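Please treat every number below as a calculation from the coordinates, not as lab data. These numbers were taken from a predicted model, which means no experiment stands behind them. Here Cβ is always computed from backbone atoms with ideal geometry, including for glycine, and neighbour counts include all displayed protein chains.
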Amino acid sequence: MREITTETLFHLYLDTLKSCGSYLRDASDDVVGYEIFEQFDIGVVSFFHESSLLRLLNAGLINTETMQRSSELRRLVLELQKEKEWSLKAFRTSTRWTTLLALADEIRSMINAEYYPVNQSHLFPFANNNLWHLSNRLLC
């Protein structure tokens, strides 16, 4: 089996990050179920693993702080899964989920600030759009 390229890994990392955030608080159960419990669940285990983050760091695609916060996000996910809080009901009610979603937002903002240092909110009204453009640019 071939190892994926670092650029592809970064694209998958960004896609995973796009699937989690406070923007989901008002989303339907179906949307949350898909984004969190299908997309994010799979990606955070693989693409936020220490070895993956080290590859991204060594390639200069993330900085040390982003790596640390990403590791923390993965740790929180694994704790929620272990403690039976990995459910839609807990997502809607648990303060731990609020912390997790805020951390995902923070990481997304850090990446956006690194790659889009000038405020372009008028061009990209949703933070996820910046990540989509960035990940597509890296894959070209």
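If the condition is being under 14 Å from the mean Cα position of the chain (by Cα) and charged (D, E, K, R), then region 80-108 contributes Asp105, Glu106, Arg108.
May I ask you to verify whether Phe48 is surrounded by 13 or more Cβ atoms within 10 Å (Cβ to Cβ), under 22 Å from Lys89 (Cβ atoms) and touching a residue at least 12 places away in the same chain (Cβ under 8 Å)? When the stated conditions are applied, Phe48 does not pass them. Considered as a group, the residues in region 55-79 that are within 13 Å of the chain's Cα centre (by Cα) and closer than 14 Å to Ile36 by Cα include one that is surrounded by the most Cβ atoms within 10 Å (Cβ to Cβ), and that residue is Leu73.
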